[in-house]
Structures are given as structure tokens and as C-alpha cells.
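To start, the structure itself, in C-alpha cells.
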Amino acid sequence: MDIEQPTGPRTAADAANGNGELSPTAFERSARAEAARHDAPDSKLSDVSSLRIGGASGERSGQYVLQRVVMPRADDPLEVRPLYLDEPATLTGRTAEVDSRRVVTLPAWGQLSFATYFNAFPASYWKRWTRVDEVALRLTVQGVGRVDLYRSKPTGDIVHLQGKQVDTGDDAVEFEFRVSLAPFEDGGWVWFDVTTRHDTVTVGDAAWTVDAPLPDDKIAVAITTFNRPGDCVSALAALADDETVLDRVAHVFVVDQGTVKVRDHSEFVATSAKLSDRLHVIDQSNLGGSGGFTRGILEATEYSEVEHILLMDDDVRIEPDSVLRLAAFASAAASPVLVGAHMLNLQARGRLHRMGEIVDLKSVLWRPAPGAVVNHDFHKISLREQRLLHKRIDSNYTAWWMCLIPREVIANTGLPMPMFIKWDDVEYGLRAAGRGYPTVTLPGAAIWHMPWSDKNDSTDWTAYFHHRNRLITAALHSPYDVRSTLVQDGMRRAFKHLMLMEYSTVALHIKAIEDFLAGPAGLFDSLRFGLTEVRDLRSGYDDARMLPSAQQFPAPTFDPGRVERMMQPPVNPVVIAAKAASTITHHLRAPRPDAMTRPQVNVPAQSALWFLLGSVDSATVSNADGSAVAFRRRNPREFRRLGAGIVGAYGRLVSEWSETSKAYREALPELTSVEAWQSVFADDETG
């Protein structure tokens, strides 16, 4: 399988066709095609055509869409509406009527702003990263009212740009407003407002466009799924139901690694029929996210027309326009970039959970990017009101819940690392950046995903992969001597887990360090066997044995008042130190025999704090999403054994760090090569 391409950014004459002749670039192909087209006839709002989206069908001559203006779906809850429409209070109390995903009608004496997450244009990102220097807002209006164009500064200050009174009678008339991107280097959005007086106004087919042709790049979507057939089919249906999206998507690869198959879902046949021969379902063993996404990448690069591969989780809800926006942005980029989508909260769908992230290479931890807003609720504070949302933020990686990677980046960066799950997207973003391919997280492109606060991924079986893969990423990419940082942070975390009677987590940390120090030779084998080893290790610990409810255990012995007093946190360093010392002493003493059969306290996940659990002999503790409960019991022998084990493991990490890091760096080309990954997949098929 050949995915080699010339190194460095593409030029106008890099690609050659099968006859050895120079092929036109995508820009040239689009320009030639556009010259041969005739203007599409005008349409009424009841039959609005889609504008051209970087090569999509249904275009109007000369208009290349960067971002369509879209309305909420009919089945969206009320909390989602502010992501699309900002509706100030009106004299009549009536709100706009959404006629379709592209058409909205504003009643008399109404106000409607498109200064919203999905419909304002993130001008600063296009100014910073693309060749676009001017955009045009084009929209079709029918009725009597006014349209006004605004922009914001990085500070959130608002500037009125221009406006127009409209009175179209019974006709639908197209209007255009042009905006230079010159003042948007550091931040700012552009949007439009519509107001009415004594009559209604219907707005449709609105889009942020550019006149210069965009490349006619096709994309492939790669979805990795594991025992979530319903979620996966829903994601496929969202793609299949938008014809403009299908015009851009050449192939959809579903890598099914589960035992409950997507093909067996009741709605799969109908959905696959809409996708037709675009859809490819590949069954393979569970090789984790890195194995699933890498398979999708390799399959996609078999098709020469695919210029970008969009990696996407299965357990998400999609705004289909996000696919188009990522593709348009990547096609217009001044040089190849990875383009990621924001994460909206699937449980509170009006909230922007993550705007963009970085990995701090000194601490080797991910965190929100400088200036990024976290968990913002648009239902409470609109885009125009939240000043912090107007500054451009920069990331150094993007998560693979939705990330578009150009073919050129894959050819020159390599394939993902065989990390199973966790940190594979981080490592890839850092590696691509080191080869000159930055990452952009694009506002207005987003998926809804379960927030991490409802996952136990710092304590359950995934803790092993978190810890091991963090060490690998640090060894490969951190320019700092991070040994003291890793030891201090690791020992602090281990102490906390021991106080919480999370013995299995500390055991996983020890295994993660030992497996890291064993070197890179076992990484590919760990794709197949690592999860089984981790689960076998955890099975011997109480904190890993989950039952559906606390009612399956005896009632706790401590009264509620006592538990409430125990939950008061220590508040100054002296008291904190004294409390920590007393909990250590407590954990070294033999527990009460009756506490081994009956819990002393029942603790919800959010109250499972070290100073509380460090003071008891046993407790039932729920997991993060409230779906199960574990009966944790204090074990002085395990406390001593694991405490000594983690100290010894970090001692080895310090002494063997340099040699081990060198081994990983030297092995990186092989670990990310096409040949090595093809061998893994071939073994999976024959095994």
C-alpha cells in the first residue's frame, strides 16, 4: 500500500497523472470546471439550492462556500437553539420560525441575530491560516426588514460594518455583503442581524463565501467503533441525510472492532443504502482507537481522489455542516494543517465543553489552550456577550473525536503510534507539528460528545494506557528533562489512589512504568494482548469489582451526621499535612473485621476524596456516571506492597529514562510505518 508523496508543502505542479504527465492542481481543476459552468437559475425560498462548497454539486457560479448558515434540527431540544439563533426579547414575545435547516422566518417587530456559535464566521482563524483575504455574505431575503453586518474585535467589542433596508415584495432577492479579513489577525467574528417592523422577513440560503475557487478535494471519513452499533448508525445517518456532505465525502470507512456488529443494527440497511458504495465496513479484532483509526487511514489512502481523512468517534452526535467546514478550511489553508472540531457536551447540549487544548511539554499534561473557554453555556450567555470567546486561540494537538488530516501530512509524518487508546492523538499532533504541520481547532465545527467528567478513565482499566502512553509521548517529544516532574506528579497521584483504596489503579501505574521501560518492541503485541493483561491484573482488586447498585451491599454503619463531618476538607497546609500523616498511619493499621463485610460509609463519586476515604476501613463508592458501585476495603498489606512497588518503579524510571527515551525515538519510524501496520492487520486477518 503506497501513500508516499513528495516531502514539503504541495506546489502547483507536484502531482502527476498515470501517464506521467503533470496533473493540474486542485485549484486549477476547480477553475477550469468553473469556467465551463452556466449560472444556476434563481430559486424561490421554498426550493433553495446549495451553494458550491469547494467542489460540491448544486453550485451557483463563482460562489465557493466556506460556511453555510444553518438552523437547528426539528428534533433538537430547546437548549440547542442558541447555538444557531440569538433571539433577543421582542415586543410580541414571538420567536423566529425555523422552516428548514436553511430557511428561517422572522415575525413582525422581531429581532434575530446570527452572532451564534454555528453561524457567526470565525474570521480570525481564516485570516491566520488560509489564503482567503475577503469573504462575502450571500443570503436570499423575502419580505420587508433590515439586514445589518457586524464584526467583533479580539476584546469582544462590537463594530457595525454596514446595513441595508430590504423590501422585496413577493420576490426572493439575493443580497451580498463583503468583508475584508485584514483586521482579524488576533481574533474576531463576523455575523449579521435581521430586524422587522410591520412585516415578516424570510431568510434562506445564507452562506459565507469566497469568489476564488477552492480545491475540489474529496475526503474520506474513518470511524472506529466498538459495541456501539446504535451510535455508529446514527452518525452514518447524519452524513447520509445531507446531500451536500455526500458530494464532498468520497468514502466512509467503519472499522468495527466489537462483538455486537454495526451490520446487525435494525437501521443499518436503510442507512447504508443512502451511502451506497461510499460505505465500507471492515471487521477486525479490537486493536483500540489507534488500531482502528490507522486501519481507516490506510484504507482511505488506497483511493487517489481522497485528499483528506476525517477521523471521528462513534459515540458522537454530528452537526453535518462541521464536515464541510473542516474540509473547506483544509482546502483553503495556506499550507497543510490538521483541523480539529470543538467538543460540545452531549448531556447539556448548549454547552461548549472544550474549545481547544495543548500539551504542556514541561509537565507532559494536556490542558485547555491559553485563552480557551471551558464549559461555556450558550443558553445563558450568548457569543456576543462572552468577550473571552472572541480571541483566537492556538492548539498544538486536537482530539480524534473529530479531526481532519490531509493526505500530505500522513505521507510525511507517518501513521499513528500503536498505543491502543489514549495519547495517540496527542502524540500524532506533536509529531506532525515537528514536521511543520500545525493543528487548528476551528470554531463553528463541532460534535457533541460525552464529557470526561462522566468517565472513570483516570482510575479504571484505561489508567494503564494513560500512564504508559504519557511516558512514551514525553520520551518522544518533550525537550525538557521531565524525570523529576514525572516522579513528583506520579507519586502524588499514587498516594491519592492508595488513600482512596484504589489499589488496582496503583498496580496499573506500576505495570505502565515497567512496560514503558521494557522498550518499544512490545507495543504492537500490546494492541492485541494489552487489554486482556490489564483486565486480568485489575480483577484481583475490590475497587475494580463493580455491581449495579449499593443496595446489593449491606447498609453502611456510620450515621449521616458523622459522614458529613468527615467530609469537611482540611483548609490550610499544616492541617492538610497532619491529615495526610494520620491517613497514612491509619492505612498501616489492621482494619476492623466487621468493616470487611459491611461498609462503613456509602460515598457518591464526587465525594470520594482522599481525606474521607483515607479515614475509613471500607466504603461503597459509585463510579463517575452513577451506573455501578464498588465495595472498597482497606488492605494494609497491599498498601505496603504497592507503596514499595511504585517507589521502586519510579526509581527505575529516573535511572533508565535516557536510555529508554533514545530507544523509542530510534524505533519511531518503524512503529509508524505502513509496512509494520500492514503486518499487524494481515496477522489479524489470518489469525
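Where a number appears in this text, it was derived from the coordinates with a stated rule and is not lab data. Quantities reported herein were computed from a predicted structural model and do not represent experimental measurements. Positions of Cβ are generated from backbone atoms using ideal geometry, with glycine treated the same way; all protein chains shown enter the neighbour counts.
Laid out as a table, the results:
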{"read-out": "Which listed pairs, of K127/K380; K218/K274; K127/K391; K127/K218, have C-alpha distances above 20 Å, in listed order", "value": "K127/K380; K127/K218"}
{"read-out": "Two-site label geometry, I576 and M546: point separation in nm, points 7 Å out along Cα→Cβ", "value": "3.0"}
{"read-out": "Under the span-like rule (Cα at least 20 Å along the axis, Kyte-Doolittle mean at least 0.0), DSSP H helices of the chain", "value": "503-517, 573-588"}
{"read-out": "Shape call, the range 130-217: gyration tensor on alpha carbons, a/c limit 1.5", "value": "oblate"}
{"read-out": "Amide H partners (placed H, <5 Å) of V281, local residues excluded", "value": "V254"}
{"read-out": "Selection from T140, T116, V190, by position along the positive dipole direction of the range 45-210 (Cβ)", "value": "V190"}
{"read-out": "Cα-centred dipole magnitude for the range 222-333, charges only on beta-carbon of K, R (+1) and D, E (-1), debye, nearest 20", "value": "180"}
{"read-out": "Nearest-0.05 FRET efficiency for D559 and D186, computed from C-beta distance (R0 56 Å)", "value": "0.45"}
{"read-out": "Evaluated at q = 0.15, 0.17 Å⁻¹: base-10 log I(q)/I(0), Debye formula over Cα of the range 165-266", "value": "-0.90, -0.96"}
{"read-out": "The chain - convex hull of alpha carbons, volume per residue in Å³", "value": "180"}
{"read-out": "Per-residue Cβ neighbour rank within 10 angstrom, fewest leading, D313, D171", "value": "D171, D313"}
{"read-out": "Shape of the range 573-687, Cα gyration tensor, a/c cut at 1.5", "value": "prolate"}
{"read-out": "3J(HN,Hα) from dihedral phi, the range 388-393, Karplus parametrisation 6.51/-1.76/1.60, rounded to Hz, x for glycine, proline", "value": "5, 7, 9, 7, 6, 10"}
{"read-out": "Compactness relative to 2.2 N^0.38 Å, alpha carbon Rg of the range 395-494", "value": "1.18"}
{"read-out": "Proxy reagent accessibility, fewest Cβ within 10 Å first, across V440, V245", "value": "V245, V440"}
{"read-out": "Sorted peptide list for 584-597, 634-647, criterion being average Cβ within 10 angstrom, highest first", "value": "634-647, 584-597"}
{"read-out": "CD proxy at 222 nm, helix term only [per DSSP H run n ≥ 4: -39500 (n - 2.57); per residue of the chain; nearest 500]", "value": "-10500 deg cm²/dmol"}
{"read-out": "Protection-proxy order for peptides 75-88, 297-310, 652-665, 400-413, each taking the mean of Cβ atoms within 10 Å per residue, highest first", "value": "400-413, 297-310, 75-88, 652-665"}
{"read-out": "Gyration tensor over alpha-carbon atoms, the range 218-454, equivalent ellipsoid semi-axes in Å", "value": "26, 21, 18"}
{"read-out": "Cα lying deepest toward the dipole's positive end in the range 462-638, options V629, A595, P548, charges on Cβ", "value": "A595"}
{"read-out": "Selection from P107, P88, S615, by position along the positive dipole direction of the chain (Cβ)", "value": "S615"}
{"read-out": "Simple Cβ-charge dipole of the range 462-638, Lys/Arg +1 and Asp/Glu -1, about Cα centre, in debye nearest 20", "value": "320"}
{"read-out": "Ascending count of other beta-carbon atoms within 10 Å, so fewest first, for I393, I158", "value": "I158, I393"}
